[in-house]
């Protein structure tokens, strides 16, 4: 008899329950769209950008780069991907572009994920990473303050 918790010890199918679950399941297109969002969120640099925007109403590229310790080039690339996937919105004022989270759905998704990890880490449920979440070395060039 298997002792693996991720398999059935006794193979019995509850056909009625399975039918209800299948009927309530999202469409294949909806699943693909959600998978795309989670894949987008699977990058540590993009998550640092979103976390920075979670703590500010809006930030320009320079401020996001400084807050996340990413280069402006890497920041701009990540911002473009997040904007194209409808996670961020941009407001232009002259030559400046200010980014913010698209809506409360994005804010809630990110806040819930961060809370989930914080609670799990506090309870010892998640192993702590031994590597940093940076995808590049911190910038050494100073930023001008406004």
Read through the list (1) surrounded by fewer than 12 Cβ atoms within 10 Å (Cβ to Cβ); (2) in contact (Cβ under 8 Å) with a residue 40 or more places away in the chain, then give the number of the only condition that residue 62 fails. (1)
Within the stretch 5-15, identify whether any single residue is part of a helix (DSSP H, G or I) and out of contact with any helix residue (DSSP H, G or I) (no Cβ under 7 Å at 6 or more places or on another chain), and answer yes or no. yes
A careful count of residues in the stretch 55-69 that are in contact with a strand residue (DSSP E or B) (Cβ under 7 Å, 6 or more places away or on another chain) and within 16 Å of residue 83 (Cβ to Cβ) gives 5
Residues that are under 25 Å from residue 34 (Cα atoms) and at pLDDT 95 or above: find the helices (runs of 4 or more DSSP H) completely inside the stretch 44-146 holding 2 or more of those. 44-54, 72-84
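Would you pick out the residues in the stretch 67-100 that are in contact (Cβ under 8 Å) with a residue 40 or more places away in the chain and on the phi > 0 side of the Ramachandran plot? Can you show your working first?
Keep residues of the stretch 67-100 that are in contact (Cβ under 8 Å) with a residue 40 or more places away in the chain, which gives 69-71, 74, 81-82, 85, 87, 98-100.
Correct list: 69 only.
The values are calculated or read from the model by the stated rules, or taken from the named source; none is laboratory data. Note that the structure is a prediction, hence the values are computed from the model and not measured. All Cβ positions, even for glycine, are placed from backbone atoms using ideal geometry, and neighbour counts span all protein chains on display.
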